[in-house]
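Okay, structure first, notes after.
Each value in this text was obtained by applying a stated rule to the coordinates, not by laboratory testing. Note that this is a predicted model, so its numbers are computed, not measured. Note that each Cβ is placed from the backbone with ideal geometry, even for glycine, and that neighbours are counted across all protein chains shown.
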2 protein chains.
Amino acid sequence: MAQESKQSKRLTMVEIAKEAGVSTTTVSKVLNQLPGVGAQTRARIQRLIEQNDYVQNHAARHLRKGQSGSIDLVIMRLEGGYDLGIMHGVQDALEESGHRLTVFATHENEDTERLWLRRLLDRSTDGVLLLLPYERVGIPNALMEQNIPFVAIGDRNEPTTTFPTIGSTIWLGGYTATEHLISLGHRRIGIITGPLHLTTSRARLAGYREALERAGIGIDPALICEGNYLLGDGIKQTFTLLNQPDPPTAIFTGNDAQAAGVYQALYKRNIRIPDDMSVIGFDDVMYTAQMAPPLTTIHQPLIEMGRMATGMLLRLIAGLPLDSNHVELSTSLVVRESCAAPRTHPLSTT
Amino acid sequence: MAQESKQSKRLTMVEIAKEAGVSTTTVSKVLNQLPGVGAQTRARIQRLIEQNDYVQNHAARHLRKGQSGSIDLVIMRLEGGYDLGIMHGVQDALEESGHRLTVFATHENEDTERLWLRRLLDRSTDGVLLLLPYERVGIPNALMEQNIPFVAIGDRNEPTTTFPTIGSTIWLGGYTATEHLISLGHRRIGIITGPLHLTTSRARLAGYREALERAGIGIDPALICEGNYLLGDGIKQTFTLLNQPDPPTAIFTGNDAQAAGVYQALYKRNIRIPDDMSVIGFDDVMYTAQMAPPLTTIHQPLIEMGRMATGMLLRLIAGLPLDSNHVELSTSLVVRESCAAPRTHPLSTT
DNA sequence: CTGAAAGCGCTTACAG
DNA sequence: CTGAAAGCGCTTACAG
């Protein structure tokens with residue numbers, strides 16, 4: 001009973017105003033830290049606000065100001081890899097700005113995407129962060145048409161400057177990974193790429209080629225296998241590589257999932273990492289440090305990318321210009337325990 | 001130029017009404033599928049709506065109806081394990097209801113939590129899903145006081161019936177895991193638990209004990225190690241177990257992260273899984289299938305839990321009663337490749 | 001079947 | 001420094 005009455009009742013601004021003996025105009029001013037209120041009045045109102053735990057009604061503000069204070073993050077699905085790092089960064093950046101984050105997963109379903117697109121028109125979002133690798137149902141075009149600020153995260157297949165994008169130095173990553181292996185003494189380096197119709201997959205391969213060429217190592221087409229960024233491809237192509245007359249002493253994979261596949265294939269054959277085979281991945285997704293042994297990989301600055309993308313979006317929402325329509329953050333090598341000098345004894349395949 | 005004019009202009013409801021030569025009342029009725037509109041009128045308005053891609057302004061509806069159409073998911077941090085599965089389920093359930101999902105990460109920071117709590121008062125969320133293992137800054141109490149519908153996901157330390165919660169059959173999971181190992185022929189089974197001051201950690205241990213007792217196997221305190229649900233604990237306690245005069249032939253861990261630690265420790269000592277040591281985890285987090293070899297583990301129905309929690313919350317928001325204030329979904333065994341019959345030869349520790 | 005009007009809770013010129 | 005009043009874009013009794 002006494003309990004019941006303790007339940008704080010939501011007050012409105014008019015009630016606060018009445019209580020304080022002023023107009024809502026004045027209350028509004030102190031809430032929004034606007035000038036034009038006497039110090040005493042301000043203090044009195046301030047106290048009342050705190051006492052009652054008063055917070056402005058969001059819908060009313062939103063309606064009046066035309067800003068919802070929240071942004072959308074659109075992804076294909078939650079996978080715990082790339083997406084997770086980005087979300088981290090976005091959350092970080094948003095914490096300061098006070099915006100809310102609405103997460104929407106399309107599941108690669110065109111109907112779902114269209115639904116989301118339609119809902120976007122209700123003005124409940126101030127801007128959107130696109131984490132979709134492909135151009136799906138013309139989302140960027142639709143957003144531009146509707147004048148909704150957005151920035152696309154992750155490297156796109158088609159390099160574009162029509163809208164703001166943020167990526168990382170993929171080519172350099174491919175180069176760095178290969179270079180690392182070469183510096184360890186490897187000469188026969190296998191690569192399991194992503195789908196080669198994607199620009200970003202080709203960029204890794206190009207970096208690989210460049211490193212080999214610079215080191216004066218010939219490129220053996222037999223060492224280049226194509227995958228689809230899936231664990232299963234890592235397994236399958238490892239066996240392809242292993243079954244060759246002169247197998248590689250190291251394998252570089254287009255992403256970490258494929259590296260996990262390599263691990264599984266090697267484990268089956270009882271080939272030790274890094275003693276008998278070096279493995280290097282790409283992305284530096286959360287679980288890479290959990291692998292046995294921990295994976296050496298190319299780090300994509302996912303958190304920073306998410307943070308920067310958010311920063312860009314916030315500028316766009318505020319009507320400010322961008323320094324550049326496309327920015328690339330630097331990839332880097334993360335040395336853990338999956339690479340070593342090549343074995344000196346021949347591979348004894350079980 | 002012609003391009004420019006193609007940019008569709010946002011219309012308001014009054015404009016649609018004017019265009020159709022009717023009142024906003026009528027337009028509103030067709031938009032909300034309410035009766036009381038002539039078939040012809042309805043059709044005409046319908047067409048206009050579609051032609052103009054008209055969508056009701058969210059803020060205005062929200063203000064008027066007192067419902068924001070979005071719910072909050074509060075988590076400590078995005079980790080790609082437990083949280084991810086839950087989010088999947090929540091997204092699923094929300095897709096049907098049309099609610100939006102706002103994700104908020106507290107980072108275990110009390111200030112951030114209080115900030116969120118305060119923001120909750122602006123009525124921009126219809127309800128909240130709590131994915132916090134501990135009672136932090138009295139969040140449940142605050143929510144109850146504010147009359148904000150919520151349901152807590154995941155097993156709590158203190159069993160509670162004061163507010164809606166959803167969990168899974170932890171004890172049964174501990175029992176099932178141990179039973180599986182026993183059925184494979186293991187007699188000396190090590191366990192690396194979570195912090196034993198947590199009810200849920202003790203539940204796993206109790207299940208382990210029950211299975212052993214039922215099988216008539218004595219309980220050896222030396223085989224029970226306490227961890228903190230971290231990978232590092234898995235590594236450390238594996239060595240503890242391994243260094244004993246009579247080491248176990250199988251290890252059961254309180255969660256999958258600790259299992260990953262076990263993998264790393266065993267890999268260092270060159271002990272093969274499952275040939276020389278069986279390992280079984282708990283949770284069935286996304287990456288367990290990626291481990292080498294894929295981890296046999298106890299599955300927590302994370303997706304279903306997220307889905308059901310959302311369903312419960314939606315009922316609460318709608319003012320409907322719950323069938324039960326606490327529900328537990330069933331854990332189950334997922335057999336992959338990390339368990340086998342115990343080795344017959346002695347362990348040759350490298 | 002249809003519409004005029006009030007009102008949700010704020011913010012913002014504008015006037016004093 | 002302070003306030004009266006309009007208005008953001010809808011929905012909902014209520015009347016016709």
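Things to note:
- Shown in residue order for segment B:215-228 are the 3J(HN,Hα) couplings computed by the Karplus curve 6.51 cos²θ - 1.76 cosθ + 1.60 at θ = phi - 60°: 8, x, 9, x, 9, 9, x, 5, 8, 9, 10, 9, x, 10 Hz (x for Gly and Pro).
- Over segment A:232-331, the alpha carbon radius of gyration divided by the compact-protein estimate 2.2 N^0.38 Å works out to 1.47.
- Scaled to the globular estimate 2.2 N^0.38 Å, the Cα spread of segment B:85-216, given as radius of gyration, is 1.34.
- For segment A:170-300, the spherically averaged projection of the C-alpha convex hull amounts to 6.9 nm².
- Taking a quarter of the surface of the Cα convex hull of segment A:2-56 gives a mean projected area of 3.8 nm².
- Based on the convex hull around the alpha carbon atoms, segment B:124-190 presents an average projected area of 6.3 nm².
- Of B:T253, B:T238, B:T112, the residue with the greatest mean-square motion in the GNM of chain B, using alpha carbon springs below 10 Å, is B:T112.
- Once the convex hull of all Cα atoms in the protein assembly as shown is built, its volume per residue stands at 206 Å³.
- Highest mobility in the GNM of chain B, judged by mean-square fluctuation with C-alpha springs under 10 Å and restricted to B:P35, B:P149, B:P294, is found for B:P35.
- Phi angles across segment A:160-176 convert, under the Karplus curve 6.51 cos²θ - 1.76 cosθ + 1.60 with θ = phi - 60°, into 3J(HN,Hα) values of 9, 10, 5, 9, x, 9, 9, x, 9, 6, 4, 4, 4, x, x, 5, 4 Hz, Gly and Pro given as x.
- The label-point distance for B:D111 and A:N109, in a model that sets each label 7 Å from Cα toward Cβ, rounds to 4.1 nm.
- Dipole magnitude of chain B about its Cα centre (Cβ charges: Lys, Arg +1; Asp, Glu -1), debye to nearest 20: 1000 debye
- Among the listed pairs B:K29/B:K65; A:K268/B:K236; A:K29/A:K65; A:K18/B:K65; B:K236/B:K268, a Cα-Cα separation exceeding 20 Å is found for A:K268/B:K236; A:K18/B:K65.
- Spacing of the two label points (7 Å from each Cα toward its C-beta) at A:E50 and B:D323, in nm: 4.9 nm
- Taking label positions 7 Å along the Cα-Cβ direction at both B:T25 and A:T41, the computed distance is 4.1 nm, reported to one decimal.
- Pairs of Cα atoms in segment B:66-106 fall into 5 Å distance bins, from 0 up to the last occupied one, in shares of 6, 21, 32, 22, 13, 5, 1 percent.
- Calculated diffusion of segment B:281-339, Stokes-Einstein form, Kirkwood radius summed over Cα pairs, 25 °C and 0.890 mPa s, µm²/s: 186 µm²/s
- The long axis of helix B:199-214 is offset from the longest Cα principal axis of chain B by roughly 40 degrees.
- The gain in end-to-end length when the B:L196 to B:R10 segment is fully stretched comes to 61.1 nm, 0.36 nm per residue minus the alpha carbon separation.
- Dividing the helix sum by the residues of chain A, where each DSSP H run of 4 or more adds -39500 (n - 2.57), gives a mean residue ellipticity at 222 nm of -13000 deg cm²/dmol.
- Chain B pair-distance distribution - Cα-Cα, 10 Å bins, rounded %: 5, 21, 23, 18, 14, 9, 6, 4, 1, 0
- For A:R64, the distances from its label point to the matching points in the remaining copies are 1.9 nm, ordered from shortest, with each point set 7 Å beyond Cα toward Cβ.
- When every Cα-Cα distance of segment B:32-158 is counted in 5 angstrom steps from zero, the calculated P(r) takes the values 2, 8, 17, 18, 16, 12, 7, 6, 6, 5, 3, 1, 0 percent.
- For segment A:257-274, 3J(HN,Hα) per residue [Karplus equation, 6.51 cos²θ - 1.76 cosθ + 1.60, θ = phi - 60°, Hz, x = Gly/Pro]: 4, 5, 5, 4, x, 4, 4, 5, 5, 5, 4, 4, 7, 6, 9, 7, 9, x
- Considering only B:H58, B:H326, B:H99, the Gaussian network model of chain B with Cα springs below 10 Å gives its largest mean-square fluctuation to B:H58.
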